[in-house]
Amino acid sequence: MAAPLPVVKGVLDMLVLRALSWGPMHGFEIVAWLERESGGSLPVEDSALYQALYRMEERGLVAADWGTTENNRRARYYKVTRAGAAQLRTETARWLDYAGAVTRILTQAPSAS
């Protein structure tokens, strides 16, 4: 397994929206999903996650309801709103364009001088 990578500023919201696009989840499930899908390369601090969820809820990108976990514990379950789904599509396209541009630059062979 590779060393953990820091989550780049501005990307956490997009990653959380992607996790929630699979269905409603509580905080621990979101963290577990992100770690599992990244092969353990993108650990997310609980405090950062809950700050992101609060921020996205305030912006109307996610909605939350109280529910009961598999362990019979009370937890807030988050789901993507229509606005959140639109934001995810927009940000995913921007990220893929950005990553493609950086990849082209980094993989281009130097010109002979």
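The values are calculated or read from the model by the stated rules, or taken from the named source; none is laboratory data. Everything quoted here is computed from the prediction, not taken from an experiment. All Cβ positions, glycine included, derive from the backbone under ideal geometry; neighbour counts span all protein chains shown.
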Out of segment 86-98, which residues are exposed (fewer than 11 other Cβ atoms within 10 Å of the Cβ) and acidic (Asp, Glu)? 97
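Matching residues to (1) assigned to a helix (DSSP H, G or I); (2) over 13 Å from the mean Cα position of the chain (by Cα); (3) over 16 Å from residue 12 (Cα atoms):
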| position | (1), (2), (3) |
| --- | --- |
| 30 | yes, no, no |
| 33 | yes, no, no |
| 40 | no, yes, no |
| 44 | no, no, no |
| 57 | yes, yes, no |
| 63 | no, yes, yes |
| 76 | no, yes, yes |
Answer residue from segment 67-113, given it is modelled with pLDDT under 95 and among the aromatic types (Phe, Trp, Tyr) and is nearest to residue 30 (Cα to Cα) among those: 95
In this structure, is residue 22 in a loop (DSSP other than H, G, I, E, B), at pLDDT 95 or above and surrounded by 11 or more Cβ atoms within 10 Å (Cβ to Cβ)? yes
Test of understanding: among 32, 63, 75, 83, which residue is in contact with a Leu (Cβ under 6 Å, 6 or more places away or on another chain) and either surrounded by 11 or more Cβ atoms within 10 Å (Cβ to Cβ) or of a type in the set (Lys, Arg) (or both)? 83
State which residue pairs qualify: first residue within 27 Å of residue 17 (Cβ to Cβ) and of a type in the set (Phe, Trp, Tyr) and inside segment 92-113, second residue at pLDDT below 95 and outside any helix (DSSP H, G or I) in any location, beta carbons under 8 Å apart, and separation of 6 or more residues or different chains. 95/11
Need pairs with beta-carbon distance below 7 Å; first residue closer than 16 Å to residue 71 by Cα and within segment 11-28, second aromatic (Phe, Trp, Tyr); sequence gap 6+ or separate chains. 25/33; 25/77; 25/78; 26/77; 27/50
Could you grab me the full set of residues in segment 46-55 that are among the polar types (S, T, N, Q) and farther than 12 Å from residue 13 by Cα? 47
Cβ pairs under 9 Å, 6+ apart, first in segment 30-43 and within 12 Å of residue 17 (Cα to Cα) and modelled with pLDDT of 90 or more, second of a type in the set (Phe, Trp, Tyr) and surrounded by 17 or more Cβ atoms within 10 Å (Cβ to Cβ): 30/78
